[in-house]
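To keep things clear, I will list the structure first and then write my remarks on it.
The values are calculated or read from the model by the stated rules, or taken from the named source; none is laboratory data. All values reported here derive from a predicted model rather than from experimental measurement. With ideal geometry, Cβ positions are generated from the backbone for all residues, glycine too; neighbour counts draw on all protein chains shown. Heavy atoms of the whole protein, side chains included, go into the accessibility calculation; ligands, DNA and RNA do not. Shrake-Rupley method; radii C 1.70, N 1.55, O 1.52, S 1.80 Å.
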Amino acid sequence: MAGEQKPVDTSRRARLELRGVKKSFGGAEVIRGVDLHVEQGEFCVFVGPSGCGKSTLLRMISGLEDISAGEVRIGDEVVNDIPAAERGLAMVFQSYALYPHMTVRQNLSFGLENLRTPRAEIATKVDEVAAMLQIDGLLDRRPKDLSGGQRQRVAIGRAVVREPRIFLFDEPLSNLDAELRVEMRGEISRLHGRLGNTMIYVTHDQVEAMTMADKIVVLRDGRVEQTGAPLELYNRPANLFVAGFIGSPRMNFLSGSVEGGRLRLENGEAVRLPEEGFSLREGSAVTLGIRPNHLFPAAGEGSGLHATVRSIEQLGGDSYIYAATPTGDQVTLHRPGQTDLQIGTDVYLDHDPQVAHLFDSTNGQSLRQV
Ligand SMILES: Nc1ncnc2c1ncn2[C@@H]1O[C@H](COP(=O)(O)OP(=O)(O)O)[C@@H](O)[C@H]1O
Ligand SMILES: [Mg+2]
């Protein structure tokens, strides 16, 4: 009934678990042993560089790709040998994958017709979902007569009408322009809030990952680098890869050795290190990580990290200053407001060691004491 909120059907929310999941194409192993839990109703985002295996992992969960080793569990059931159509999942692709010869209504109804759902029930569901996604005025159109954003709404609608146990999204917003992406991002989050389903969402977009996820899984080269809430990954990256991947612009890295509680750089300059929270071993090779917003021009002349300004971006409300150190490291400063620094100027930089990160240079692992 209009205006009446239906109680959420929790039987449609499933937990997902991957145990030692691997995938090889021919001789090439592209998923190299992934263990993962996604809780009921959780919004889980997979991020990682292009080619790291995000889509392959999603397709293995969906059943579109078979599993070379390990187990995929949905609820209490191992689904390795269950065909895609029987897993109770729905996938939304970047390319929309709508049937071009069908109207929007037919595209939305098709999956339910296959399940032999009664006609009247299909019509009611399609109308309800179309209203939810604001495509109720487009039901008689064909995909070619829709904008990119409208097509993606139809693709999402088609997943919603099937009432899946888990939604799988593979970079669904990548083909949309920036403004529409922001709008759809909010809509998918609201949809999750309203339906409460477990959702797995693949993206390479930092902002999508940070703003939409309950849990982010950072993948690299077929392996999980770290799993955690967005701010957990941002504040406590477990290794250099996650530190460099989460956060934009990227974290600055300076490597050297520990000497008397300071970082001794290759050229002899010394930079302050965190005084607590990390295990420091005199003489060990470490990499100091400083977020661009934690690096700033030093108060006193001639002290701090020496660098030369190479380029500047003034956005009005914020400034980005790109500089190079004598050892050839590129560093980025993100300053609030407008800057009067000039290209070519030599600057001394300082940072707040209390919010810095520290890694073992040999294995890339964080030196944070837990
Ligand atoms: N059907 C396939 N046959 C052979 N190699 C594949 C196939 N699908 C994906 N790959 C390879 O697996 C790796 C992971 O791909 P993919 O999962 O698409 O990465 P991502 O989605 O993270 O960009 C890539 O090296 C890709 O070339
Ligand atoms: Mg992909």
All positions within region 21-35 that are within 15 Å of ligand 1 (Cβ to nearest atom) and modelled with pLDDT of 95 or more:
21, 22, 23, 24, 25, 28, 29, 30, 31, 32, 33, 34
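Residue-wise test of (1) within 19 Å of residue 173 (Cα to Cα); (2) away from ligand 1 (no atom under 15 Å from the Cβ).
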{"site": "55", "(1), (2)": "yes, no"}
{"site": "68", "(1), (2)": "no, no"}
{"site": "85", "(1), (2)": "no, yes"}
{"site": "94", "(1), (2)": "yes, no"}
{"site": "106", "(1), (2)": "no, yes"}
{"site": "111", "(1), (2)": "no, yes"}
{"site": "136", "(1), (2)": "no, yes"}
From the residues in region 73-90 that are open to solvent by 30 Å² or more (accessible area, probe 1.4 Å) and of a type in the set (A, V, I, L, M), which one is modelled with the lowest pLDDT?
85
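Only residues that are on the phi < 0 side of the Ramachandran plot, of a type outside the set (A, V, I, L, M, F, W, C) and more than 13 Å from ligand 2 (Cβ to nearest atom): list them for region 36-61, please.
37, 39, 40, 42
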What's the number of the condition residue 70 fails, among (1) at pLDDT below 95; (2) part of a strand (DSSP E or B)?
(1)
Across region 27-66, which residue is most open to solvent (accessible area, probe 1.4 Å) among those that are within 12 Å of residue 202 (Cβ to Cβ) and outside any helix (DSSP H, G or I)?
50
Within region 302-317, considering residues that are touching a strand residue (DSSP E or B) at 6+ places or on another chain (Cβ under 7 Å) and assigned to a loop (DSSP other than H, G, I, E, B), the one surrounded by the fewest Cβ atoms within 10 Å (Cβ to Cβ)
302
If I ask for residues that are more than 26 Å from residue 38 (Cα to Cα) and open to solvent by 20 Å² or more (accessible area, probe 1.4 Å), which ones from region 133-167 would you list?
134, 136, 137, 140, 141, 142, 144, 145, 147, 148, 150, 151
Filter result for residue 72 (within 16 Å of ligand 2 (Cβ to nearest atom) and assigned by TED's automatic domain parsing to the domain that holds residue 159)
no
Please work out if residue 241 is in contact (Cβ under 8 Å) with a residue 60 or more places away in the chain, touching a strand residue (DSSP E or B) at 6+ places or on another chain (Cβ under 8 Å) and in a strand (DSSP E or B).
no
Scan (1) in a strand (DSSP E or B); (2) touching a residue at least 60 places away in the same chain (Cβ under 8 Å); (3) not acidic (Asp, Glu) for the single condition residue 250 breaks and write down its number.
(1)
Name, by its number, the condition in (1) touching a Ser or Thr at 6+ places or on another chain (Cβ under 9 Å); (2) at pLDDT below 95; (3) under 16 Å from residue 349 (Cβ atoms); (4) open to solvent by 60 Å² or more (accessible area, probe 1.4 Å) that does not hold for residue 266.
(3)
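Under 23 Å from residue 54 (Cα atoms) and more than 16 Å from ligand 1 (Cβ to nearest atom): which single residue out of 158, 142 fits that description?
158
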For region 318-327, which residues satisfy the criterion of being open to solvent by 50 Å² or more (accessible area, probe 1.4 Å) and free of Cβ contacts under 8 Å to residues at least 24 places away in the same chain?
318, 322
Looking only at residues that are away from ligand 2 (no atom under 16 Å from the Cβ) and β-branched (Val, Ile, Thr) in region 168-201, which one is farthest from residue 38 (Cα to Cα)?
182
